[in-house]
Amino acid sequence: MDGQGAFVTAINLIVSGDAALAEIVGLSLRVTLSAVFLSCLVGLPAGAALALARFPGRGGVIVVFNSLMGLPPVVAGLVVYLTLSRSGPLGPLALLFTPTAMIIAQTVLITPIIVSLTRSVIEDLWREYEDQLRSLGSSALRAVPTLLWDGRFSLVTVVLAGLGRAMAEVGAVLIVGGNIAGHTRTMTTAIALETARGDLALALGLGIILLSLTLLLNAGAFVSGRVAQRTAG
Amino acid sequence: MMHGTFSILPLRVSGLRFGVRGTELIKGISFELRAGVRTLIIGPNGAGKSLTLRLSHGLIKPTAGEVAWAGGTTDRRRKRHAMVFQRPVMLRRSARANLVHALSLGGLDRSERGRRADEALERFGLGHLADRPARLLSGGEQQRLAIARAWSLRPQVLFLDEPTSALDPASTKAIEEMIEAIHADGVKIVMTTHNMGQARRLGDEVLFLHNGRLLEHTPADEFFAKPRTEEADAFLKGELLH
Amino acid sequence: MAFLKHIIGAGTALSLMAAAALQPAVAQDEFITVASTTSTEQSGLFDHILPIFEEKTGIEVRVIAQGTGQALETGRRGDADVLFVHAKAAEEEFVAEGHGVEREPVMYNDFVFVGPGDDPAGIKGGSDAVAALQAIAEAEAPFASRGDDSGTHKAELNLWEAAGIEPSGDWYRELGQGMGPTLNTAAQMPAYTMSDRATWISFQNRGPLEIVVEGDDRLFNQYGVILVNPERHEHVKAEAGQQFIDWLVSGEGQQAIGSYEIDGQQLFFPNAQDEGA
């Protein structure tokens, strides 16, 4: 086993159009992108609101969200597992060991990242905009969409941070998904399995493919961001 | 041209105080501003010029005292006074969209916003910039846009906080012309400046502030010819810097 | 305003996505969930036998590979329909407590001791597992234990007990890992460890490790299958689950298990007929 072997394995997997691989990649993307999407839907407005709102205990809330950025994936996974388990409160939904459970676990994991980083970006922006927007008659609440839109280039980085965490994550999806072949096996859980099997070349090959995917997504975001920024200032 | 059905002037400011963490920055200021005259607020650094503007505009709340508009219009959305800042804050969108956004905050109907935005851009010769990203415009262009944005809101009073201090002479001239035109429309101008030439050119009356106190409220020609206080005299001679 | 359009678009996309995401849970062909052990999963046995069963019955089998302790817990919580594990005493307790309907023997393989070729404890070639452990403890040669409450871990602890040793010290490393990761680690240390033969045969990253002790009756590794009690968890797919169990112990299922080979070596030995197993 060496790096070259892994590289050859990766190329072979891609070139041969391996159906199982395509399925795993597809599921990884579906789970990760869904989780990022849901996290943004909740986290962007929540982070912006937290940046603008002034209430007693706000500092505490910020500290909690900042700390949750470091939430260990297995802990997030375990909490979701216990919630979705047949013996748990949401057991009747029969969601454990499904892709939906994995999406939920990753959403729990990355929403704090989106909230915290969004708060930081929007707080800076609000410092710059507050007088002007207030002068124009904007309430803090009304400023939320304006600030999110104006901070969009910085927020892309926030979203990418969440995406990176979700793409790389294995602990949570392994617990709530169960790494079922053809059903809840993702890139990362497949890598964990191949490592356990001692097939390090295949594991590393899958790793190279995963990294390439992440690279591709980031490059796409970067390039489109640059183009948009050039035209929007 | 007077907007609205009634005038919010005169503005009566009485016993105005403002402090931050125990340091009093505005130490009891009272004045009355009438329609039709351009008021210039001048004074050395730290005198409290900007704070006075911001307190009058309602951006910050005084620790004591009162800012009273005639008719008692306090509803923010119907605020009949607008403000232009030293550094214009433009949103990351086109020049025209910046005006539309402001008009939307001003509570205008969707259909009216575009028309009013175009009208404001044309009025000040900024029509060719309409579709340009506002943040990529030069500082002078951005400040002219900020004034057009404020004007599009049809204010009865326009506050300007050192609007030309960061600009080159050509832009400064363009902006002074805009201010003249807006004054000619009947909009009350209240402006701070560091530039004494500008104060002489634009001012009808002067509020001279020093150390958080109002020392003079006099007609401009009188103030510049024969200031009543030692401090104002020293300031005009360039001897009073703080 | 542009932003509102985005919000509305996103909202629509969300509802569509939620609908799509929830769909598999309600509308899909029949499937059962089997909690099994890492050794069966990682040996590739399921890839060999499940397609035969699925073709015959149309029932999809979703396997979650866990340590035996965790698999039993999954069953206890009602998160699996069938358990397929290897720790007889724990399995019988599981049934006795009413969590499972019945335990049936399916197959066996055996454990082997693997260790570095230079054999610091001098046990190579032996067939007495207890004596080998005593020699390892004597020499304080590194030993990697699963330490994860799995069937293999439990079997290892039983052997230590038989050897009259309570293993501790720097040489005894409890990893808390599955079989594969434990072998990976042992290969790097290098250390002795106990593995089920199936995982060992299919394991590719052996490094300096080789089989040092095998063939002791006490290294026998029996697998059993249990239907999770539908009286405890009414959603358990008892019919399909029982169909899977019946197939495993049928002539066809037993033959499928016996025919799984890697490099010409049979990994599991069917023994459903042996009622005492």
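The values are calculated or read from the model by the stated rules, or taken from the named source; none is laboratory data. The structure displayed is predicted, hence computed values, not measured ones. Using ideal geometry, Cβ is built from the backbone for each residue, glycine included, and neighbour counts are taken over all protein chains shown.
List the number of the failed condition for residue C:43; all other conditions in (1) assigned by TED's automatic domain parsing to the domain that holds residue C:230; (2) surrounded by 15 or more Cβ atoms within 10 Å (Cβ to Cβ); (3) within 28 Å of residue A:100 (Cβ to Cβ); (4) at pLDDT below 95 hold.
Result: residue C:43 fails condition (3) only.
Could you list, in sequence order, the residues of segment A:115-142 that are within 12 Å of chain B (Cβ to nearest Cβ) and either touching a Pro at 6+ places or on another chain (Cβ under 6 Å) or not hydrophobic (A, V, I, L, M, F, W, C) (or both)?
The answer is A:127, A:128, A:129, A:130, A:131, A:132, A:134, A:135, A:137, A:138, A:139, A:142.
Looking for whichever is within 14 Å of chain A (Cβ to nearest Cβ) and among the small types (Gly, Ala, Ser) here; the options are B:125, B:186, B:139, B:203. Which one fits? If you could, list the steps in order and put the result at the bottom.
Details: B:125 fails: within 14 Å of chain A (Cβ to nearest Cβ); B:186 fails: within 14 Å of chain A (Cβ to nearest Cβ); B:203 fails: within 14 Å of chain A (Cβ to nearest Cβ).
B:139 is the lone residue from the list that is within 14 Å of chain A (Cβ to nearest Cβ) and among the small types (Gly, Ala, Ser).
Just to be sure I understand the filter: pairs with C-beta atoms under 6 Å, separated by 6 or more residues or on different chains, first member in segment A:37-52 and away from chain C (no Cβ under 14 Å), second member among the charged types (D, E, K, R). Which pairs pass?
Going by the 6 Å Cβ cut-off, the qualifying pairs are A:47/A:119; A:50/A:119; A:51/A:119; A:51/A:123.
Mind telling me which of the residues B:148, B:174, B:102 ends up being within 16 Å of residue A:133 (Cα to Cα), more than 13 Å from every other protein chain (Cβ to nearest Cβ) and not aromatic (Phe, Trp, Tyr)?
Working: B:174 fails: within 16 Å of residue A:133 (Cα to Cα); B:102 fails: more than 13 Å from every other protein chain (Cβ to nearest Cβ).
After ruling out the rest, the residue left standing is B:148.
Residue C:149 fails exactly one of the following numbered conditions: (1) surrounded by fewer than 19 Cβ atoms within 10 Å (Cβ to Cβ); (2) at pLDDT below 90; (3) under 24 Å from residue C:266 (Cα atoms). What is the number of that condition?
If we test residue C:149 against (1) surrounded by fewer than 19 Cβ atoms within 10 Å (Cβ to Cβ); (2) at pLDDT below 90; (3) under 24 Å from residue C:266 (Cα atoms), just (3) comes out false.
Residue-by-condition table, conditions (1) in a loop (DSSP other than H, G, I, E, B); (2) away from chain C (no Cβ under 12 Å); (3) of a type outside the set (Asp, Glu):
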| site | (1), (2), (3) |
| --- | --- |
| A:60 | no, yes, yes |
| A:65 | no, yes, yes |
| A:70 | yes, yes, yes |
| A:77 | no, yes, yes |
| A:80 | no, yes, yes |
| A:86 | yes, no, yes |
| A:92 | no, no, yes |
| A:96 | yes, no, yes |
| A:101 | no, no, yes |
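Given the condition in contact with a Pro (Cβ under 7 Å, 6 or more places away or on another chain) and either without any contact (Cβ under 8 Å) to a residue 24 or more places away in the chain or within 12 Å of chain A (Cβ to nearest Cβ) (or both), answer yes or no: does some residue in segment C:191-212 qualify?
yes
Please tell me if residue A:185 is buried (at least 19 other Cβ atoms within 10 Å of the Cβ) and not small (Gly, Ala, Ser).
Numbers: buried (at least 19 other Cβ atoms within 10 Å of the Cβ): yes; not small (Gly, Ala, Ser): yes.
So residue A:185 passes the test.
Results for (1) of a type in the set (D, E, K, R); (2) more than 17 Å from the chain's Cα centre (by Cα), shown as yes or no for each residue.
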site: C:165; (1), (2): no, yes
site: C:188; (1), (2): no, yes
site: C:202; (1), (2): no, no
site: C:231; (1), (2): yes, yes
site: C:254; (1), (2): no, yes
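Please give the number of the condition residue C:62 fails out of (1) loosely packed, with under 12 Cβ neighbours inside 10 Å; (2) at pLDDT 50 or above; (3) at the interface with chain A (Cβ under 8 Å from one of its Cβ atoms).
Tallying (1) loosely packed, with under 12 Cβ neighbours inside 10 Å; (2) at pLDDT 50 or above; (3) at the interface with chain A (Cβ under 8 Å from one of its Cβ atoms), residue C:62 fails exactly one: (1).
Those residues that are touching a residue at least 24 places away in the same chain (Cβ under 8 Å), of a type in the set (Asp, Glu) and within 14 Å of chain C (Cβ to nearest Cβ), I need them from segment A:143-197; list them, please.
A:150
Quick one: what pairs do we get from segment A:219-233, first residue more than 9 Å from chain B (Cβ to nearest Cβ), second surrounded by 11 or more Cβ atoms within 10 Å (Cβ to Cβ) and not aromatic (Phe, Trp, Tyr), C-beta under 7 Å, 6+ apart or different chains?
A:221/A:156; A:221/A:160; A:225/A:156
The rows are residues; the columns are (1) farther than 19 Å from residue A:173 by Cβ; (2) among the hydrophobic types (A, V, I, L, M, F, W, C); (3) more than 10 Å from chain A (Cβ to nearest Cβ).
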residue: C:51; (1), (2), (3): yes, no, yes
residue: C:58; (1), (2), (3): yes, no, yes
residue: C:72; (1), (2), (3): yes, yes, yes
residue: C:79; (1), (2), (3): no, no, no
residue: C:84; (1), (2), (3): yes, yes, yes
residue: C:90; (1), (2), (3): yes, yes, yes
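Here is a list: B:131, B:109. Which entry is among the acidic types (Asp, Glu), within 14 Å of another protein chain (Cβ to nearest Cβ) and farther than 17 Å from residue B:90 by Cα?
Working: B:131 fails: farther than 17 Å from residue B:90 by Cα.
Going through B:131, B:109 in turn, just one is among the acidic types (Asp, Glu), within 14 Å of another protein chain (Cβ to nearest Cβ) and farther than 17 Å from residue B:90 by Cα: B:109.
Is it the case that segment B:174-191 has a residue that's over 14 Å from the mean Cα position of the chain (by Cα) and closer than 30 Å to residue B:19 by Cα? Can you show your working first?
We begin by selecting, within segment B:174-191, every residue over 14 Å from the mean Cα position of the chain (by Cα); these are B:174, B:177, B:181, B:184-186.
If we keep only those that are closer than 30 Å to residue B:19 by Cα too, we end up with none.
The answer is no, given that none of the residues of segment B:174-191 is over 14 Å from the mean Cα position of the chain (by Cα) and closer than 30 Å to residue B:19 by Cα.
Restricting segment C:157-188 to residues that are assigned to a loop (DSSP other than H, G, I, E, B) and touching a Phe, Trp or Tyr at 6+ places or on another chain (Cβ under 9 Å), which is surrounded by the most Cβ atoms within 10 Å (Cβ to Cβ)?
Keep residues of segment C:157-188 that are assigned to a loop (DSSP other than H, G, I, E, B), which gives C:164-171, C:175-178.
Still in the running and touching a Phe, Trp or Tyr at 6+ places or on another chain (Cβ under 9 Å): C:166-167, C:171.
Numbers: C:166: 10, C:167: 17, C:171: 19.
Selected residue: C:171.
I'd like to verify a number: residues in segment A:9-58 that are in a loop (DSSP other than H, G, I, E, B) and of a type in the set (A, V, I, L, M), how many? Show your work before the answer.
Pass one, segment A:9-58, residues in a loop (DSSP other than H, G, I, E, B): A:16-18, A:53-57.
When the remaining residues are screened for being of a type in the set (A, V, I, L, M), the result is A:53.
Here the count works out to 1.
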